[in-house]
Every structure is written in C-alpha cells, then in structure tokens.
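**Student:** Sharing a structure here in structure tokens format.
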Amino acid sequence: MLLTLSTSHQPATDLGYLVHKNPARMQEFSLAFGTARVFYPEASEARCTVALLLEIDPVGLVRNRRGPAGEGRSLEQYVNDRPYVASSFLSVAIADVFGSALAGRSKDRPELVAQAIPLNASLAVVRARAGGEDLLRRLFEPLGYLVETEGYPLEEMFPEWGDSPYFTLRLSATKTVKELLTHLYVLIPVLDGDKHYWIGDDEVEKLLRHGEGWLSEHPEKELITRRYLKHRRTLVDDALDRLVSDADVGVDDPQASDAMEEEEVERKISLNEQRLGAVLAALKQSKAAKVLDLGCGEGRLLAALLRDREFTEIVGLDVSHRALEIAADKLHIERMPPMQRQRINLLHGSLIYRDRRLEGFDAAAVVEVIEHLDPPRLAAFERAVFEFAKPGTVVITTPNAEYNVKWETLPAGKFRHSDHRFEWARAQFTAWASGVAERFDYSVRFAPVGPEDEIVGSPTQMGIFTRV
Ligand code: SAH
C-alpha cells in the first residue's frame, strides 16, 4: 500500500516538520500486521513529497486469524488484494506513523499546523466496488478536493471482462495536513469496506472524533457511517444520532449569522432530495397509479414511490445488473410482505430498445438518465419511450450545464460525472424536449429544480411531458 503526500508550499521541506519525519532519511516502523516505511521521493524548496509504504504479510494474517475451528483455508485467504489495496491497515499506519500530524501537533512548526497549504495526496490502489469512480467523487468532492481517478481493466489481456474495482486516487486541495490525514483516515476504510479489526463502541468515538467539523455536514454521512462501522446497526444509529445533533448545535449557535444559517439549510437538503421531491410531486400531480422509473439506478425514487399508497404498480428498469441488485437489496425486496411485493417489479433492460413490458403505464420518470446516453442513441430512446411505451406523463430531469460554474469543485469545462455523454444548457434541453413533444404528440412544460441563480438558473432542469 502506498500513500504519497506532496506540497508546493514554500519552503516545501517544511512538510518534514509537519509530519515529524526527517526528509534526509528513510525510517522503518514495525506494526502488528506488517512494516511501514517513510521516505521522501523528492525534497526540494519548491516541492516535497513524503511516502508511506506499508507492507503487510497476508499469510501471517491468516495464520493469526482466530476463525471458527475447522474453518477451511481457501486459496483466496492467501492470494488476495490485501497487500496492495488501501484498507483500514493503512489508516492504522497513518495513526501510528503520522500520529502527531493527525492530531494537529508540530513541535518545530506550530504556526504551520493551522495553515492550509496546497497538498496533493495519492493512493496507489483503492478499491471501490459499488459505484466505483462515482463513489470516490461523492466521498471526496464535498470536502473540497479535486478528485482524479485512474481505473484499471480486470485483466489487460481480456478487455471484455470489463473494469476492475481498483483505482488510483489523486486528491488535491488547499488544506491543513491534519485535515487531509483525517479525511483519509476515515474514508479509506469506508472505501475498502473490509475493516480488519473488531468494531467496538470505541470505533464510534473514533469516528466522531475524527469526523468532527466535517462529517455531520457531509452529504454522504450515512454511507460513511454505515461503512465505517461495518453496518453494525446499533452503532450506526448511535453515531448518526450524535452526528445530527452536532450539526444542530452549529445552526443554533447564536453567533451564526442568518446568511450562514440559510446556507446550512440549503446544503442540508441535498440536491438529490430536492430532485426526488420535485419528480415525486410531478408524478402525484399527474394522478398516476401505474408508474415507471426508467434508469432507476439504485432505487431511491422507487423507495419514495413505495411509501406512497397512490402508486399501485411500480416498475424500475435499468441497464445495469449491479444497480438493480443494489436496488433490490436496499428495498429489501426479498423480505417484503406479499401485498407490498406485488406493487413493485425490477426489470433489466435498455431504454434504447422497444420493450413491451413498459406499455400501459400512467407515468414514467427518467431521472438523470438521458445524459448517460450517446447522442446518436437519443432518437432510439425517444421512440422507445414516447412512441412505444407511451405513458400519459413523462418526467425527465437532466443537469443544467450553465449551473456548473457554481460548483466550486468542478473544473471548468468538465461534466459533473465522468459517464455523462453531454450536459445541456437550458436552451438546448428546451429545444430538444419541445421537438420530442411535437413529434410524438405530447405537450411539455419546464421547471427548475434546486436553488435558482438569477443568471445561470438551477442545477437541475426538469421537463414534464403530457400526452395530448
Ligand atoms: N435515476 C437514478 C439513477 C441515475 S444514474 C437516480 O436518479 O438516482 C443513470 C442510470 O441510468 C444508471 O443507473 C444507468 O445504469 C442507467 N442507464 C444508462 N443507460 C441506460 C439505458 N440505455 N437503459 C436503461 N438504463 C440506463
């Protein structure tokens, strides 16, 4: 496992004081599960990089593992990704080897500790199975990092096997070393999911302590908490309860100005939730009972539809098997009481083909999907939905490209998601949607979703089509 941390703050070699390690020599630390080495691949006034290389002994780990008696040892216990993938072992090593820096202490440069400096961190290999690159962005971008990822095929010789869950992750931001190390300390095990040590009550304390000042505001705080605490229900509930009250304390602070409060509130209701709310409202307004969620992804809208008795037949369709698996899991489809189970169905299929299973519905939602289609496929999508499935109402949302200038973490000219094939300005979406409506005998109206800016509009744009 390899973590490197670089700065261009000058003199860059001050990094050595911040992490309490002398750039002039390599140091070695013996840990319970392996050996950590700290060295500097570069150390000049202009730029300095410290590397933490952690070698663990996977065979030793198996031997020491106290599994149930008689448990067989499969090959996988010996041949696995544990030596390479940044995991909770690396977090422990960060805490052991960079303990003072993580606590925000520096004997020789106390004044530098609180100073945000330009930092780059690189994790040679991280594993992000569910959600891949998207998850990496969702975890780090809200914290203000510029996120760069490099994915790898499962096997270079056989590209048809698809992508591996492994990525090289590069983060850049202007932060204190303490902040950066703290974020890594918490989020590395969240990514990996394979926490090696027993999760006890003190893990909740650890999470809250290291999460102080950022976790309660993080849009993915639930996912982070669940994964960090390895889905242990009571611990997760406890941590989330306490995280929420943390945030409340902030808002109630009499020192906080109204403007700050407003900002907090806006951030709290995430764009995702606002979008979900807007789509749900449009579907309800159409009086639909039988509804489609086309490109349902992991099923957030499906969950909301299920909670509303007015929707008697709910079908989610997606091209991704994996997304459908996650949706089925999140909705607890297997454990649903029969009455509830009858209301919902998940279908594997693609929106660019005619699909008879989609006929006869009152309404369809297509939320943040069209921008994932190759532009030459859009015509096929239009026919599949508006000519063949032909629901009474179609609600389509897509990003408003004009709003991108407002995302602090989004470099100019970049899309919000690497899988987006296009992002449209309002005029482009309106022109496309009006054309579709005209060709397939629908009327269409438009609504903004999310905080509206006078000049660039709202982050999401929505078109509501009604069959005439
Ligand atoms: N509607 C969901 C997911 C949006 S992400 C939400 O708002 O959370 C886009 C989704 O569209 C992904 O799940 C992707 O698998 C799906 N998708 C992309 N191309 C598709 C196609 N041709 N047919 C069906 N689904 C598709």
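The values are calculated or read from the model by the stated rules, or taken from the named source; none is laboratory data. Please read these numbers as outputs of a predicted model, since none were measured by experiment. With ideal geometry, Cβ positions are generated from the backbone for all residues, glycine too; neighbour counts draw on all protein chains shown. The accessibility values were calculated without ligands, DNA or RNA, using every heavy atom of the protein model including side chains. Shrake-Rupley method; radii C 1.70, N 1.55, O 1.52, S 1.80 Å.
**Student:** Do any residues in segment 295-311 that are closer than 13 Å to GLY277 by Cα have Cβ atoms under 8 Å from those of residues that are within 6 Å of the ligand (Cβ to nearest atom) and not in a helix (DSSP H, G or I), where the two are at least six apart or on different chains, and which pairs are they?
**Tutor:** Close Cβ pairs (under 8 Å, with a partner that is within 6 Å of the ligand (Cβ to nearest atom) and not in a helix (DSSP H, G or I)) amount to LEU301/VAL367; LEU302/CYS296.
**Student:** Pull up segment 371-392, narrow it to residues that are more than 10 Å from ILE352 (Cβ to Cβ) and within 10 Å of the ligand (Cβ to nearest atom), then point me to the one that is most open to solvent (accessible area, probe 1.4 Å).
**Tutor:** HIS372
**Student:** Could you please give the count of residues in segment 445-465 that are closer than 21 Å to LEU276 by Cβ and at pLDDT 90 or above?
**Tutor:** So the answer is 14.
**Student:** Going through GLU148, GLU179, GLU141 one at a time, which residue ends up being at pLDDT 90 or above and assigned to a strand (DSSP E or B)? Quick ask: steps written out before the conclusion?
**Tutor:** Numbers: GLU179 fails: assigned to a strand (DSSP E or B); GLU141 fails: assigned to a strand (DSSP E or B).
Among GLU148, GLU179, GLU141, only GLU148 is at pLDDT 90 or above and assigned to a strand (DSSP E or B).
**Student:** Can you name every residue in segment 5-60 that is in contact with a Cys (Cβ under 9 Å, 6 or more places away or on another chain), surrounded by fewer than 17 Cβ atoms within 10 Å (Cβ to Cβ) and not in a strand (DSSP E or B)?
**Tutor:** Those that are in contact with a Cys (Cβ under 9 Å, 6 or more places away or on another chain), surrounded by fewer than 17 Cβ atoms within 10 Å (Cβ to Cβ) and not in a strand (DSSP E or B): SER8, PRO11.
**Student:** Okay, next question. Taking the stated definitions as given, is VAL395 buried (at least 18 other Cβ atoms within 10 Å of the Cβ), of a type in the set (A, V, I, L, M, F, W, C) and within 15 Å of the ligand (Cβ to nearest atom)?
**Tutor:** Working: buried (at least 18 other Cβ atoms within 10 Å of the Cβ): yes; of a type in the set (A, V, I, L, M, F, W, C): yes; within 15 Å of the ligand (Cβ to nearest atom): yes.
Yes; evaluated as a whole, the condition is true for this residue.
**Student:** Which one is farthest from VAL50 (Cα to Cα) among residues in segment 1-16 that are touching a residue at least 40 places away in the same chain (Cβ under 8 Å) and β-branched (Val, Ile, Thr)? Step through it out loud before you land on a result.
**Tutor:** If we filter segment 1-16 for residues that are touching a residue at least 40 places away in the same chain (Cβ under 8 Å), which is where we start, we get 1-9, 14-15.
Those still in the list that are β-branched (Val, Ile, Thr) too: 4, 7.
Numbers: THR4: 6, THR7: 9 Å.
Filtering first and then ranking leaves THR7.
**Student:** Follow-up question, since we're still on this one. Given the options ASP362, ASP355, name the one that is in contact (Cβ under 8 Å) with a residue 60 or more places away in the chain and either among the polar types (S, T, N, Q) or touching a Gly at 6+ places or on another chain (Cβ under 6 Å) (or both). Can you show your working first?
**Tutor:** Values: ASP355 fails: in contact (Cβ under 8 Å) with a residue 60 or more places away in the chain.
Selected residue: ASP362, the only one of ASP362, ASP355 that is in contact (Cβ under 8 Å) with a residue 60 or more places away in the chain and either among the polar types (S, T, N, Q) or touching a Gly at 6+ places or on another chain (Cβ under 6 Å) (or both).
**Student:** Among (1) open to solvent by 60 Å² or more (accessible area, probe 1.4 Å); (2) at pLDDT 85 or above; (3) not in a loop (DSSP other than H, G, I, E, B), there is one condition GLU205 misses while meeting the rest; what is its number?
**Tutor:** Condition not satisfied by GLU205: (2).
**Student:** Being more than 9 Å from the ligand (Cβ to nearest atom) and in a loop (DSSP other than H, G, I, E, B) is the filter here; which residues of segment 320-370 pass it?
**Tutor:** LEU331, HIS332, MET336, PRO337, GLN342, ARG343, ARG354, ASP355, GLU359, GLY360, PHE361, ASP362
**Student:** Just for segment 284-319: of the residues that are away from the ligand (no atom under 13 Å from the Cβ) and in a helix (DSSP H, G or I), which one is nearest to the chain's Cα centre (by Cα)?
**Tutor:** It comes out as LEU306.
**Student:** Ok, one more. Go through (1) open to solvent by 70 Å² or more (accessible area, probe 1.4 Å); (2) within 24 Å of GLY132 (Cα to Cα); (3) of a type in the set (A, V, I, L, M) one by one and return the number of the condition MET339 breaks.
**Tutor:** For MET339, the exception is condition (2).
**Student:** If you check every pair at least six apart or on different chains, which have Cβ atoms under 6 Å apart with a residue in segment 17-40 that is more than 13 Å from VAL97 (Cβ to Cβ) first and a residue that is open to solvent by 50 Å² or more (accessible area, probe 1.4 Å) second?
**Tutor:** TYR17/ASP108; TYR17/ARG109; PRO23/ALA43
**Student:** Would you please name the residue that is farthest from the ligand (Cβ to nearest atom), looking only at residues in segment 398-419 that are part of a helix (DSSP H, G or I) and not charged (D, E, K, R)? Show your work before the answer.
**Tutor:** Here is the first cut: in segment 398-419, the residues part of a helix (DSSP H, G or I) are 401-406.
Of the ones still in play, those that are also not charged (D, E, K, R) are 401, 403-405.
Numbers: ALA401: 17, TYR403: 17, ASN404: 17, VAL405: 23 Å.
My answer is VAL405.
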